[in-house]
Amino acid sequence: MTHGDVELLRRAWDAFARGDVEAVAQALDPQVRWYAAGDPAGEGSCRDRDQAVAFIRRALAEGLTAELLDVRDAGERLVAVMHTHAPAAWGRGPDPHGELVTVRDARIVEMVIYPTVEAALTAAGLAADHDAVIESTGGRCSATLNQLAPASPEP
C-alpha cells in the first residue's frame, strides 16, 4: 500500500467522524464491498457505494461514532484499527476491532470487518504487535490491546 492509500483511508474516516457523508462516498469505489468477515452476503453487508452510503447515513442518524486509531500496512491491503461507539441496541462491545481494507486506483474497494484487532491482523498475515498498536493510539485501550501479546516461549 502507498502513503496515498493510508491518507485516503484516514480522510474517509475523518469525514465519517464529521458526518460528511459525501466526502466518505467520494473515497468509495462504486462497487465497494463492506461486510463482516466470513459472511460477505450476510445481513447488513454492503455490495456497492449506494448501500454503503445508506448504511453510513443510518449509522450516523442512530448515533454511531467511529475513531480510526491506527492503520497498519499489510502489503496489498491495510488493517484499520477502529474504535466504535454504538447505540446499545446494536449489541457491540466497547473494544476496538479491525477492518481489512483494499484500495485500488485511489478508491476503497473492500472493507472486511473483524470482531477483534487480533483477528484482522491474523487475516492480513501480520503478527499481533500490541506495543506498536498501543504506541500509535497514545496508550488508549491498552487493557484490550495487551491481550494481543503473544505468549512468551518456554525456555
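The values are calculated or read from the model by the stated rules, or taken from the named source; none is laboratory data. Bear in mind that the values here come from a model prediction, so they are computed numbers and not experimental data. When we count neighbours, we look across all protein chains shown, and the Cβ atoms used for this are built from the backbone with ideal geometry, even at glycine.
Look at residue 39 and say whether it is of a type in the set (D, E, K, R) and farther than 24 Å from residue 126 by Cβ.
Working: of a type in the set (D, E, K, R): yes; farther than 24 Å from residue 126 by Cβ: no.
No; evaluated as a whole, the condition is false for this residue.
Residues in segment 85-114 that are buried (at least 18 other Cβ atoms within 10 Å of the Cβ) and not charged (D, E, K, R): 96, 97, 98, 100, 101, 102, 103, 108, 111, 112, 113, 114.
Sort out which residues of segment 1-21 are among the hydrophobic types (A, V, I, L, M, F, W, C), crowded, with 18+ Cβ neighbours inside 10 Å and more than 19 Å from residue 64 (Cβ to Cβ), and write them in order of number.
1, 8
Summed over segment 38-52, the residues that are among the hydrophobic types (A, V, I, L, M, F, W, C) and at pLDDT 95 or above give a count of 2. Among the residues of segment 64-84, is there at least one that is surrounded by 17 or more Cβ atoms within 10 Å (Cβ to Cβ), in contact with a helix residue (DSSP H, G or I) (Cβ under 6 Å, 6 or more places away or on another chain), free of Cβ contacts under 8 Å to residues at least 40 places away in the same chain and not polar (S, T, N, Q)? No, segment 64-84 has no match at all.
So that you can scan it fast, the table gives a plain yes or no per residue for (1) touching a strand residue (DSSP E or B) at 6+ places or on another chain (Cβ under 8 Å); (2) modelled with pLDDT of 95 or more; (3) more than 23 Å from residue 22 (Cα to Cα); (4) of a type in the set (Lys, Arg):
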residue: 57; (1), (2), (3), (4): no, yes, no, yes
residue: 66; (1), (2), (3), (4): yes, no, no, no
residue: 75; (1), (2), (3), (4): no, no, yes, no
residue: 83; (1), (2), (3), (4): yes, no, no, no
residue: 125; (1), (2), (3), (4): yes, no, yes, no
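Residues being of a type in the set (D, E, K, R) and modelled with pLDDT under 95: count how many of those fall in segment 85-104.
As a first pass, look at segment 85-104 and keep what is of a type in the set (D, E, K, R): 92, 95, 99, 104.
Restricting the remaining residues to those that are modelled with pLDDT under 95 gives 92, 95.
Of the residues in segment 85-104, 2 are of a type in the set (D, E, K, R) and modelled with pLDDT under 95.
This table checks each residue for (1) among the basic types (Lys, Arg); (2) in a loop (DSSP other than H, G, I, E, B).
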position	(1), (2)
58	yes, no
63	no, yes
68	no, no
83	no, no
99	no, no
121	no, no
127	no, yes
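Looking only at segment 27-58, count every residue that is closer than 24 Å to residue 74 by Cβ, surrounded by 14 or more Cβ atoms within 10 Å (Cβ to Cβ) and polar (S, T, N, Q) and tell me the total. The number of residues fulfilling the criteria is 1. Looking across segment 30-72, the residues that are under 23 Å from residue 6 (Cβ atoms) and of a type in the set (Lys, Arg) come down to 33, 49, 72.
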